[in-house]
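In what follows, a single structure is set out as structure tokens and then discussed.
Please treat every number below as a calculation from the coordinates, not as lab data. The structure presented is a predicted model; accordingly, all values stated were derived computationally and were not measured. As a convention, Cβ positions derive from the backbone with ideal geometry for all residues, glycine included, and neighbour counts pool all protein chains shown.
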Amino acid sequence: MTTDSAARPPLDTARLGADNPELMPDLAVEVVEVLPSTNRAVAQRAQAAGTPDGLVVVADHQSAGRGRLDRTWETTPGTAVTFSMLLRPEAPTRSWPWLPLIAGYAVDKVLKARGLDAGVKWPNDVLIGEKKVAGILVERLETPDGPAAVVGIGINVSQTADELPVPEATSLQLETGEPVDRTDLLVEVLNAVREAIDAWEIGGDLNNMRVHESYAAACVTLGRQVKVDLPDGTSLEGLALEIDPAGQLVVEVEGRRHPVAAGDVVHVRTA
């Protein structure tokens with residue numbers, strides 16, 4: 001296991017300050033050396049009146065990250081990009097299920113621009129090939145200033161195979177064979193997420209159609225036989241047909257279409 005601080009340097013906080021022209025102006029980034037969970041930290045901050053949209057808390061090391069279904073995980077220090085962003089969308093809350101999809105699409109777009117064979121797996125994972133490289137967790141909460149969303153993103157950057165939690169995961173360094181500057185990656189992803197969310201919030205039928213089409217084009221779940229474990233303990237097995245306008249995955253089972261709002265998806269095979 002590599003633990004040399006020179007090989008895994010900390011994030012460059014100077015490049016993440018408010019006066020950095022590389023960052024979009026409506027982002028306020030705070031870097032903390034160690035946090036149990038960036039989502040929890042941002043949620044707590046959001047309960048204070050006046051906490052702005054665009055607050056970002058980054059953990060150089062996240063010791064008890066949170067995933068879907070209250071799963072927890074820990075990354076080796078200096079090996080990942082983990083952050084949470086506070087959003088106060090003006091879009092109707094009924095359309096907020098699109099938030100994890102849009103965040104995943106933004107990460108996917110950054111990785112593709114770096115030449116990687118990336119794709120989004122509905123609803124909240126980013127893959128390279130068949131292996132998970134990033135996950136997204138979005139939580140809705142009530143605050144003194146109205147409803148808010150916390151978008152948490154974790155990207156595996158320089159983990160070795162031994163440091164990854166499961167064999168089905170990968171890291172950018174494993175895929176490229178080269179070191180990846182975490183600060184560069186973080187700046188790119190923050191800007192991409194903010195830009196994608198802003199475009200979604202502008203709304204309008206034409207813009208929402210473009211968001212829908214862009215996500216569907218990047219979604220490697222579509223056209224595959226899938227098994228979906230649902231929150232109630234049941235499961236569906238069938239063909240992933242499409243993403244509907246509400247962001248749900250439509251699965252065809254024995255000729256019947258089933259819209260799925262939430263669930264854990266296992267890719268079985270290409271149709």
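When the Cα convex hull of region 221-270 is projected onto planes of every orientation, the mean area is 3.1 nm².
Counting beta carbons within 10 Å around each of Ser158, Ser95 and listing the fewest first gives the order Ser95, Ser158.
Kirkwood analysis of the Cα pair distances in region 37-152 returns a hydrodynamic radius of 14.9 Å. For the chain, the dipole from Cβ point charges (+1 on Lys and Arg, -1 on Asp and Glu) about the Cα centre works out to 460 debye, to the nearest 20.
Taking a straight Cα-Cα cut-off under 14 Å and skipping sequence neighbours fewer than 8 places away in the same chain, the aspartates and glutamates within cross-link reach of Lys131 are Asp108, Asp117, Glu168, Glu175. Measuring r between the beta carbons of Val268 and Asp181 and using R0 = 35 Å, the FRET efficiency lands at 0.45. Here each label is just a point 7 Å from Cα along the line to Cβ, and for Met24 and Ala48 those points are 2.4 nm apart. Membrane-span-like helices in the chain (whole DSSP H runs, Cα extent of at least 24 Å along the helix axis, mean Kyte-Doolittle hydropathy of at least -1.0): 182-202. Taken along the Cα-to-beta-carbon direction at a fixed 7 Å, the label points for Ala216 and Ser63 span 4.6 nm.
What FRET efficiency comes out for the pair Ile202/Asp162, r = Cβ-Cβ distance, R0 = 35 Å, nearest 0.05? Display every interim value, and only then the final one.
Details: r = 45 Å, r/R0 = 1.28.
FRET efficiency, Ile202 to Asp162: 0.20.
Considering every alpha-carbon pair of region 103-177, the percent of pairs per 5 Å bin, from zero through the bin containing the longest distance, is 3, 16, 25, 21, 14, 7, 6, 5, 2, 0. Summarising the label geometry, the points placed 7 Å from Cα in the beta-carbon direction at Ala14 and Ser235 lie 5.3 nm from one another. Scaled against the 2.2 N^0.38 Å expected of a compact globular protein of N residues, the Cα radius of gyration of the chain reads 0.98.
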